1. Checking Arg11 against (1) among the basic types (Lys, Arg); (2) in contact (Cβ under 8 Å) with a residue 60 or more places away in the chain; (3) outside the structural domain of Ala226 (by TED's automatic domain parsing): exactly one of these is not met. Which one?
2. For the stretch 106-132, give me each residue that is assigned to a helix (DSSP H, G or I) and farther than 21 Å from Gly235 by Cβ.
3. Suppose we filter Gly350, Gly357 for residues that are touching a residue at least 60 places away in the same chain (Cβ under 8 Å), surrounded by 15 or more Cβ atoms within 10 Å (Cβ to Cβ) and not polar (S, T, N, Q); which single one remains?
4. Which members of the stretch 360-377 meet the condition of being among the small types (Gly, Ala, Ser), surrounded by 18 or more Cβ atoms within 10 Å (Cβ to Cβ) and part of a loop (DSSP other than H, G, I, E, B)?
5. If the Cβ limit is 6 Å and pairs must be 6+ apart or interchain, which residue in the stretch 386-405 that is farther than 20 Å from Asp345 by Cβ pairs with which residue that is outside any helix (DSSP H, G or I) and aliphatic (A, V, I, L, M)?
6. Could you list, in sequence order, the residues of the stretch 343-379 that are touching a strand residue (DSSP E or B) at 6+ places or on another chain (Cβ under 6 Å) and among the charged types (D, E, K, R)?
7. Hey, could you check the stretch 186-208 for residues that are in a loop (DSSP other than H, G, I, E, B) and hydrophobic (A, V, I, L, M, F, W, C) and say which is nearest to Val368 (Cα to Cα)?
8. Quick one: Asp146 ticks every box in (1) under 20 Å from the mean Cα position of the chain (by Cα); (2) in contact (Cβ under 8 Å) with a residue 40 or more places away in the chain; (3) not in a loop (DSSP other than H, G, I, E, B) bar one, so which box is it?
Amino acid sequence: MTDRGFDLDARLAERERAGLRRHLRPAESVAARTRFADDPRGGAPDYGEGRLVFASNSYLGLADDRRVQRAAELAARSVGTGAGASRLVTGDTGLHRALERDLADCKGTERALVFSSGYAANVGTIEALSPDVVFSDELNHASIVDGCRVGAEETVIYDHADPADLRERMAARAADARGDGSETDEDWLVVTDTVFSMDGDVAPLDGICDAAEEFGAWVMVDEAHATGLFGDGGGVVQREGLADRVDVQLGTLSKALASQGGYVAGDEALVEYLLNAARSFVFSTGLAPPAVGAARESLRIARETSRADRLWDTVEDLRAGLEAMGYDVRGETQVLPVMVGDRDDALELGDRLADLGVVAPAIRPPTVPEGTARIRVAPMATHTETEVDRCLDAFETAGREVGLL
């Protein structure tokens with residue numbers, strides 16, 4: 001009989017040969033400094049020396065903040081540890097509604113809707129809108145890519161952060177669709193991240209909105225790496241004053257807001273439609289109340305304190321120090337890509353940094369294009385000056401050992 005099963009050992013071996021196999025490394029905590037263990041394969045982790053973490057998306061350093069922990073504990077005690085069901089059944093609580101009101105206020109929209117993850121929000125929203133054509137930035141996150149695969153009739157990729165190329169592709173698509181000279185009645189959606197997680201750059205939203213409006217398309221943005229950091233805790237849309245030009249604002253609660261989940265913010269009709277039609281919302285248990293409570297408190301802290309200012313000061317200190325050594329540091333946000341180029345050099349640099357007590361792993365193809373391997377440095381607002389100096393010292397020592405400096 002023909003074996004029609006899956007040879008997973010062979011697939012893993014191929015990943016190993018290609019240098020693409022990954023391994024879990026449990027962390028003792030999610031703080032700016034913690035200890036790591038090799039994968040215990042179900043056993044108890046054997047933690048080693050503590051290391052400074054410059055690779056986390058907990059940009060505001062709130063994941064171990066006592067105020068956020070208390071909010072999560074209070075939510076668990078007063079509401080429960082889990083929602084228990086889809087929010088359309090019995091899993092909708094006053095706590096969920098309070099967070100959604102806060103998000104809508106922060107984002108300048110009529111309403112918001114919380115999903116179980118940012119991934120679910122992206123896939124569910126695109127699938128529910130079911131556009132005839134999505135125009136997607138070539139470096140958009142995998143969750144957007146998967147949403148397009150599931151929900152779009154056709155996906156057109158435009159050059160990264162290039163409104164002129166977007167406009168050209170929309171014009172070409174319009175010309176093809178009109179054929180006989182009549183206007184097309186297709187539904188078009190333009191989708192982009194605002195802060196790109198591997199390059200640290202920001203989408204030119206004003207130009208993207210101009211192009212979309214010229215052709216009557218909707219604009220959807222993913223603020224995953226921006227929520228809580230710009231514009232009174234909102235994101236790049238708020239910093240740029242574009243809330244009235246962006247139809248769908250989406251983001252996560254799991255990065256700067258130190259919790260779990262995703263959200264969509266927009267007008268009343270959008271949210272009411274999504275809670276009826278987005279399968280990843282309808283058929284998922286509601287977000288756990290402790291996560292809701294933690295996200296709400298983190299959003300409050302982001303909006304009412306100077307925590308983000310502390311982050312930007314740390315970002316500038318790191319950038320200046322790395323560039324002074326001779327490193328090529330890209331981006332313009334809290335994500336600092338230290339460009340290396342060669343994959344093996346980047347992997348060796350990441351390993352040497354780890355040996356020196358700094359967690360800042362290499363990012364290599366296929367996550368990034370060939371020849372652009374890098375170290376992705378992501379500081380937290382809670383890193384001290386001493387810890388930043390230690391990180392810089394490690395980069396200088398490791399860079400000389402690898403031959404990059």
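1. Of everything listed in (1) among the basic types (Lys, Arg); (2) in contact (Cβ under 8 Å) with a residue 60 or more places away in the chain; (3) outside the structural domain of Ala226 (by TED's automatic domain parsing), Arg11 misses just condition (2).
2. Of everything in the stretch 106-132, those that are assigned to a helix (DSSP H, G or I) and farther than 21 Å from Gly235 by Cβ turn out to be Glu127, Ala128.
3. Among Gly350, Gly357, only Gly357 is touching a residue at least 60 places away in the same chain (Cβ under 8 Å), surrounded by 15 or more Cβ atoms within 10 Å (Cβ to Cβ) and not polar (S, T, N, Q).
4. Initially, the stretch 360-377 is screened for residues among the small types (Gly, Ala, Ser), giving 360, 362, 371, 373.
Within this subset, residues satisfying the condition of being surrounded by 18 or more Cβ atoms within 10 Å (Cβ to Cβ) are 360, 362, 373.
Hit for the stretch 360-377 is Ala360, nothing else.
5. Glu387/Leu52
6. Arg343, Arg364, Arg374, Arg376
7. The qualifying residue nearest to Val368 (Cα to Cα) is Met198.
8. (2)
The values are calculated or read from the model by the stated rules, or taken from the named source; none is laboratory data. Keep in mind the model is a prediction, meaning the values are calculated, not measured. So basically every Cβ, Gly included, is an ideal-geometry build from the backbone, and we count neighbours across all protein chains shown.
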